[in-house]
Amino acid sequence: PVEYRLPRVSQVQVHEKIGLDFGTVLRASLRQDPDILLVGEIRDGESAEIALRAAMTGHMVLSTLHTNDAVTSALRLIDIGVDGYLVATALKAIIAQRLVRRVCSSCVADHEPDANERQLLALIGKGRDLSKAVFRRGVGCPHCFNTGYRGRIGVFEMLEINRPMADALRENSIAGFSKACHDNPNFHPLNLSALDYAIEGVTTLEEVMRVSAQVEDELTIEDSE
């Protein structure tokens, strides 16, 4: 639904019961020659293909897609029926976001990683010297209702599509695309972004483990497919 009226922005509310679905709205919107097209959510192959073809004709198209990280977002577009060459040609960048809980500043204390957390650090902290890192957690107080957390902060993962990634998408190669993403020196995964916050004392290793587990679950599903 349209929740806020914004100046210089034309908004259309989808109403599928009367035939006003995503595909119909997208086709009608493109006839107005918009500079920027914002699709609230790509949920099926039809809306995805129209949005990507609009991007190929010179429009800036912004949208959302429900996946666990940036790498699997491009693969999800192929899964819902969009041709790999179309994704490779039109897709420019993906930003994934996740919220992690902040350590309560009123009861923050130093924390010594347990066995599971040390295993996590060895797995995702490769190439980093974490010997002097001081991790923190909240012990619980009235300000945070004895949870140890107060507030949340976003962690982000940005993936810019380069030539090796685009070539893998054209070939519908899941393994090739994933390898090209992780071989890119500018790619900073979600779990590393969360780890950066843990090193700074903003969040806990428990939250890093939660983010990492969700990403690993999604990768396991993609490998099985």
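The values are calculated or read from the model by the stated rules, or taken from the named source; none is laboratory data. Here the structure is a predicted model, which means the values were calculated and not measured. Backbone-built Cβ (ideal geometry, glycine too); neighbour counts: all protein chains shown. Ligands, DNA and RNA are excluded from the accessible area calculation, which covers all protein heavy atoms including side chains. Shrake-Rupley method; radii C 1.70, N 1.55, O 1.52, S 1.80 Å.
Observations, loosely collected:
- Taken across region 29-47, residues that are open to solvent by 50 Å² or more (accessible area, probe 1.4 Å) and farther than 27 Å from Glu160 by Cα do occur, with at least one present.
- Beta carbons closer than 7 Å, at least 6 apart along the sequence or on distinct chains, pair a first residue in region 80-109 that is open to solvent by 20 Å² or more (accessible area, probe 1.4 Å) with a second that is assigned to a helix (DSSP H, G or I) and of a type in the set (Asp, Glu) for Arg101/Glu207.
- Residue in region 33-52 that is within 21 Å of Glu3 (Cα to Cα) and part of a helix (DSSP H, G or I) present: no
- Residues being modelled with pLDDT under 90 and either open to solvent by less than 50 Å² (accessible area, probe 1.4 Å) or β-branched (Val, Ile, Thr) (or both) - total across region 56-67: 3
- All positions within region 118-174 that are more than 24 Å from the chain's Cα centre (by Cα) and of a type in the set (Phe, Trp, Tyr): Phe135, Phe145
- Conditions (1) touching a residue at least 60 places away in the same chain (Cβ under 8 Å); (2) assigned to a loop (DSSP other than H, G, I, E, B); (3) open to solvent by 60 Å² or more (accessible area, probe 1.4 Å): number failed by Pro185: (1)
For (1) at pLDDT 90 or above; (2) on the phi < 0 side of the Ramachandran plot; (3) open to solvent by 30 Å² or more (accessible area, probe 1.4 Å), each residue gets a yes or a no:
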| site | (1), (2), (3) |
| --- | --- |
| Lys126 | no, yes, yes |
| His143 | yes, yes, yes |
| Asn146 | yes, no, yes |
| Cys181 | yes, yes, no |
| Val211 | no, yes, no |
| Val215 | no, yes, no |
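- Matching residues, region 193-209, being under 15 Å from Gly151 (Cβ atoms), open to solvent by 10 Å² or more (accessible area, probe 1.4 Å) and assigned to a helix (DSSP H, G or I): Tyr197
- Of everything in region 112-122 that is free of Cβ contacts under 8 Å to residues at least 60 places away in the same chain and open to solvent by 90 Å² or more (accessible area, probe 1.4 Å), the residue that is farthest from Thr67 (Cα to Cα) is Glu112.
- Helices (runs of 4 or more DSSP H) within region 66-151 that include 1 or more residues closer than 24 Å to Leu192 by Cα: 70-79, 115-124
Listed here are the residues, each with its yes/no results for (1) closer than 20 Å to Val100 by Cα; (2) surrounded by fewer than 19 Cβ atoms within 10 Å (Cβ to Cβ).
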| residue | (1), (2) |
| --- | --- |
| Gly140 | yes, yes |
| Tyr149 | yes, no |
| Met158 | yes, yes |
| Leu169 | no, no |
| Ser173 | no, yes |
